[in-house]
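The values are calculated or read from the model by the stated rules, or taken from the named source; none is laboratory data. The model shown is predicted, which means the values in this text are computed figures rather than measured ones. Cβ coordinates were reconstructed from backbone atoms using ideal geometry, including for glycine residues, and neighbour counts include every protein chain displayed. For the accessible areas, the whole protein counts, side chains as well, though only heavy atoms, and no ligand, DNA or RNA atoms are used. Shrake-Rupley method; radii C 1.70, N 1.55, O 1.52, S 1.80 Å.
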Amino acid sequence: QVQLVESGGGLVQPGGSLRLSCVASGRIFNINNMGWYRQTPGKERELVASIIGIGGGTSYADSVKGRFTIFRDNAKNTAYLQMNSLKPEDTAVYYCNANIREPYFSAGVDYWGKGTLVTVSS
């Protein structure tokens, strides 16, 4: 089975930085798009940033542009979210998503991590 595991969350003061990691493991033929989402109680899960599997093109939510950077290390099956200039509004559970093609399957399937909590507070 394919598994995504996030790490790097924690408590940080406003203006601080955190780097989240997402490691994919299991029977993986190829990882296509990867992305980071976040969710707070009572709100819909929001796409924060995404990165494509080939070429490395990225997209960001307007609320995080200029502050967050998504990047990946394909050799390690890992995606990262570098978060700088954090604001209290960034407080959320952050989830990793990846579209992964498994061996002998012609199409990728979306997988989700269990999330890591980021709390921005003084």
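Worth a mention:
- Within the set Ile52, Ile100, the sole residue that is open to solvent by less than 40 Å² (accessible area, probe 1.4 Å) and either without any contact (Cβ under 8 Å) to a residue 60 or more places away in the chain or among the β-branched types (Val, Ile, Thr) (or both) turns out to be Ile100.
- Only one of the numbered conditions (1) more than 22 Å from Val2 (Cα to Cα); (2) surrounded by 12 or more Cβ atoms within 10 Å (Cβ to Cβ) is not met by Met34, and that is (1).
- Scan of the range 103-122 for residues that are small (Gly, Ala, Ser), open to solvent by 20 Å² or more (accessible area, probe 1.4 Å) and under 19 Å from Leu47 (Cβ atoms), ordered by number: Gly108, Gly115
- Scanning the range 60-78 for residues that are among the hydroxyl-bearing types (Ser, Thr, Tyr) and either within 12 Å of the chain's Cα centre (by Cα) or open to solvent by less than 30 Å² (accessible area, probe 1.4 Å) (or both) yields Tyr60, Thr69, Thr78.
- Conditions (1) under 13 Å from the mean Cα position of the chain (by Cα); (2) open to solvent by less than 20 Å² (accessible area, probe 1.4 Å): number failed by Gly9: (2)
- Test: residue in the range 79-95 that is in contact (Cβ under 8 Å) with a residue 40 or more places away in the chain, more than 24 Å from Ser122 (Cα to Cα) and surrounded by 13 or more Cβ atoms within 10 Å (Cβ to Cβ): yes
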